[in-house]
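The values are calculated or read from the model by the stated rules, or taken from the named source; none is laboratory data. Predicted, not measured: the structure shown is a model, and the values here were computed from it. Note that we place each Cβ from the backbone using ideal geometry, even for glycine, and neighbour counts take in every protein chain shown.
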Amino acid sequence: MKELELYIHIPFCAQKCHYCDFVSFADKTDAFEEYVNALCREMEYYKERFAEQRIKTVYIGGGTPSLLPADLILRITDSLYKNFNLTETKEKRKGLFLQKKIRPTTEFSMECNPGTVDKSKLDAYWKAGINRISFGLQSTIEDELRTLGRIHTYEDFIRCFEDAREVGFDNINVDLMQALPGQDMISWQMTLGQVGTWHPEHISAYSLIIEEGTDFHQWMKKGKTISGEERNGIFLPNGEVKLLPSEEEERDIYYFTKEMLEKSGYKQYEISNYAVPGFECQHNIGYWKRENYLGLGLNASSMADNVRWKNTADLAAYIQDPTQAAEEEKKLSVKEQMEEFMFLGLRLRDGISQTDFVNCFHQDITLVYGEVLDDLYDQGMITYEEDNIKLTDKGIDVSNRVLAEFLIDPE
Ligand code: SF4
């Protein structure tokens, strides 16, 4: 039976964080219910097309899904069970899992903002079959959280992490951000050390990227360090200036993270993701391995059998007719599929398998990328391990440049 990953986008937030360029709205409480109605209609619409596929993972992301009242999340999960093939999780709903008689195998994640969730919501998610929580914490330092425009404190996180454990969640991710304005190695060590004391099964640590259209982009100017070195800085509206870490400091933070988490029993399985073995995020691995996924909701992307499509970003249009939300489908050329295979797959620490390349494209990888691979190997950017090709630490340091080498010149 074919497998499919599902992503469900909830585009609402309590307030817009200063670095965020995701499609999310901070002032649309009155649209919650209509939006969930539209999502349920969209699920019904796709029911026939994907009826024969087993749902491998579900991921409710955003935005801030936990901002919705719990009964709306339950309407979403009910609609999922009604329209898609999630057998193990259905059994869980019958109470078998709660009696420890079965273990659901469908990974079912939901993003939660610590400022919008309480024990009764978490309990409702758990009973509805959600079995993995991803907390967007970013930092444990109050000043950094304020600078980012987050609505929660570290105390809020502690409370909801403990609540999540109490209701039964045994698979929890914590999202952290590196290279924040004003962050240094000492404050990062504090964040990582404090998060480590809660023993989450998974930690994501992405570096901040200042995107166009965000408050940070507007507030960024050149500032000076005490020694006079010129650096980009965020000039906050209250007059404070927070300098961004240098590239060198960012790399030091990355290596410190890797070393500390590996010593604590986590395995780095992707450039920015660490997990206790067995708790790697299957949904994201599927994305990096180019498995089929269906995105539901505003601006959600999908890929099925090398055809990509994306839903509209117009909230009113989506609510009015979610069955017409998908913009034009695009069939990926073989060249585009190969490029994606390389630059998504090489993000994984196990890298890509040469046999998988042959199975996908019916030709040897060296016929397409022989020259690039030889060059990168000579520069120490990649290494070979049995059937696999992986980035080295040196390759990860300049991963954007290395991955760009796999773009194939137009003929
Ligand atoms: S909570 Fe997440 S999605 Fe919402 S504004 Fe902040 S970063 Fe963006």
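When you look at Thr191, is it out of contact with any Phe, Trp or Tyr (no Cβ under 8 Å at 6 or more places or on another chain) and either modelled with pLDDT of 95 or more or assigned by TED's automatic domain parsing to the domain that holds Cys20 (or both), yes or no? Reasoning before the result, please.
Values: out of contact with any Phe, Trp or Tyr (no Cβ under 8 Å at 6 or more places or on another chain): yes; either modelled with pLDDT of 95 or more or assigned by TED's automatic domain parsing to the domain that holds Cys20 (or both): yes.
Considered against the rule, which asks whether it is out of contact with any Phe, Trp or Tyr (no Cβ under 8 Å at 6 or more places or on another chain) and either modelled with pLDDT of 95 or more or assigned by TED's automatic domain parsing to the domain that holds Cys20 (or both), Thr191 comes out as yes.
Please determine, by comparing only the residues of region 35-59 that are of a type in the set (A, V, I, L, M, F, W, C) and surrounded by 15 or more Cβ atoms within 10 Å (Cβ to Cβ), which one is farthest from the ligand (Cβ to nearest atom).
Filtering region 35-59 down to residues of a type in the set (A, V, I, L, M, F, W, C) leaves 36, 38-40, 43, 50-51, 55, 58.
When the remaining residues are screened for being surrounded by 15 or more Cβ atoms within 10 Å (Cβ to Cβ), the result is 36, 38-40, 43, 50, 55, 58.
Working: Val36: 18, Ala38: 19, Leu39: 17, Cys40: 22, Met43: 22, Phe50: 27, Ile55: 24, Val58: 19 Å.
Result: Phe50.
Identify all residues within region 296-334 that are within 19 Å of the chain's Cα centre (by Cα), farther than 30 Å from Asn359 by Cβ and outside any loop (DSSP other than H, G, I, E, B); write none if there are none.
Asn311
Identify the single condition in (1) closer than 30 Å to Arg349 by Cα; (2) at pLDDT 95 or above that Pro245 does not satisfy, given that it satisfies every other one.
(2)
Kindly establish whether Tyr369 is crowded, with 16+ Cβ neighbours inside 10 Å, of a type in the set (Phe, Trp, Tyr), within 22 Å of Leu6 (Cβ to Cβ) and touching a residue at least 24 places away in the same chain (Cβ under 8 Å).
Details: crowded, with 16+ Cβ neighbours inside 10 Å: yes; of a type in the set (Phe, Trp, Tyr): yes; within 22 Å of Leu6 (Cβ to Cβ): no; touching a residue at least 24 places away in the same chain (Cβ under 8 Å): yes.
No.
Of the conditions (1) more than 22 Å from the chain's Cα centre (by Cα); (2) away from the ligand (no atom under 14 Å from the Cβ); (3) modelled with pLDDT of 95 or more, Arg146 satisfies every one except a single condition; which number is it?
Evaluating Arg146 over (1) more than 22 Å from the chain's Cα centre (by Cα); (2) away from the ligand (no atom under 14 Å from the Cβ); (3) modelled with pLDDT of 95 or more leaves (2) as the failure.
Any residue in region 12-24 that's touching a residue at least 40 places away in the same chain (Cβ under 8 Å): show its pairings with residues that are near the ligand (Cβ under 7 Å from one of its atoms) and of a type in the set (Ser, Thr, Tyr) at Cβ separation under 8 Å, as long as the two are six or more apart or on different chains.
Final answer for the pair search is Phe12/Ser24; Phe12/Thr64; Cys13/Ser24; Cys13/Thr64; Ala14/Thr64; Lys16/Ser24; Ser24/Thr64.
Just wondering, is there one or more residues in region 290-298 that are basic (Lys, Arg), surrounded by fewer than 17 Cβ atoms within 10 Å (Cβ to Cβ), over 22 Å from Cys40 (Cα atoms) and touching a residue at least 12 places away in the same chain (Cβ under 8 Å)? Show your work before the answer.
Filtering region 290-298 down to residues basic (Lys, Arg) leaves 290.
Add one more test, that the residue is surrounded by fewer than 17 Cβ atoms within 10 Å (Cβ to Cβ), and what stays is none.
Among the residues of region 290-298, not one is basic (Lys, Arg), surrounded by fewer than 17 Cβ atoms within 10 Å (Cβ to Cβ), over 22 Å from Cys40 (Cα atoms) and touching a residue at least 12 places away in the same chain (Cβ under 8 Å), which makes the answer no.
Quick check: anything in region 232-247 in a helix (DSSP H, G or I) and in contact (Cβ under 8 Å) with a residue 24 or more places away in the chain? Outline the logic, then answer.
So in region 232-247, the residues in a helix (DSSP H, G or I) come out as 247.
With the extra rule that they be in contact (Cβ under 8 Å) with a residue 24 or more places away in the chain, the set shrinks to none.
No, region 232-247 has no match at all.
List the pairs whose first member sits in region 131-160 and is within 21 Å of Met110 (Cβ to Cβ) and basic (Lys, Arg), whose second member is within 13 Å of the ligand (Cβ to nearest atom) and modelled with pLDDT of 95 or more, and whose Cβ atoms are under 7 Å apart, counting only residues at least 6 apart or on separate chains?
Arg150/Cys17; Arg150/Gln138
Filter region 149-173 down to residues that are within 16 Å of the ligand (Cβ to nearest atom) and either closer than 22 Å to Pro69 by Cα or of a type in the set (S, T, N, Q) (or both) and give me whichever is surrounded by the fewest Cβ atoms within 10 Å (Cβ to Cβ).
Taking the candidates together, the pick is Thr153.
Residues to consider are Phe12, Phe22, Phe32; find the one that is of a type in the set (A, V, I, L, M, F, W, C) and more than 9 Å from the ligand (Cβ to nearest atom).
Working: Phe12 fails: more than 9 Å from the ligand (Cβ to nearest atom); Phe22 fails: more than 9 Å from the ligand (Cβ to nearest atom).
Result of the check over Phe12, Phe22, Phe32: Phe32.
When you scan region 257-295, how many residues do you find that are assigned to a helix (DSSP H, G or I) and over 20 Å from Phe357 (Cβ atoms)?
Let us first name the residues in region 257-295 that are assigned to a helix (DSSP H, G or I), namely 257-263, 282-288.
Imposing the further condition that a residue be over 20 Å from Phe357 (Cβ atoms) reduces the set to 257-263, 282-284.
The total comes to 10.
Going through region 355-408 one residue at a time, which ones are outside any helix (DSSP H, G or I), of a type outside the set (Val, Ile, Thr) and under 20 Å from Glu250 (Cβ atoms)? Talk me through it step by step, then tell me what you get.
Here is the first cut: in region 355-408, the ones outside any helix (DSSP H, G or I) are 362-364, 379-392, 398, 405-408.
Keeping just the survivors that are of a type outside the set (Val, Ile, Thr) gives 362-364, 379-381, 384-388, 390-391, 405-407.
Of everything in region 355-408, those that are outside any helix (DSSP H, G or I), of a type outside the set (Val, Ile, Thr) and under 20 Å from Glu250 (Cβ atoms) turn out to be Met381, Leu391.
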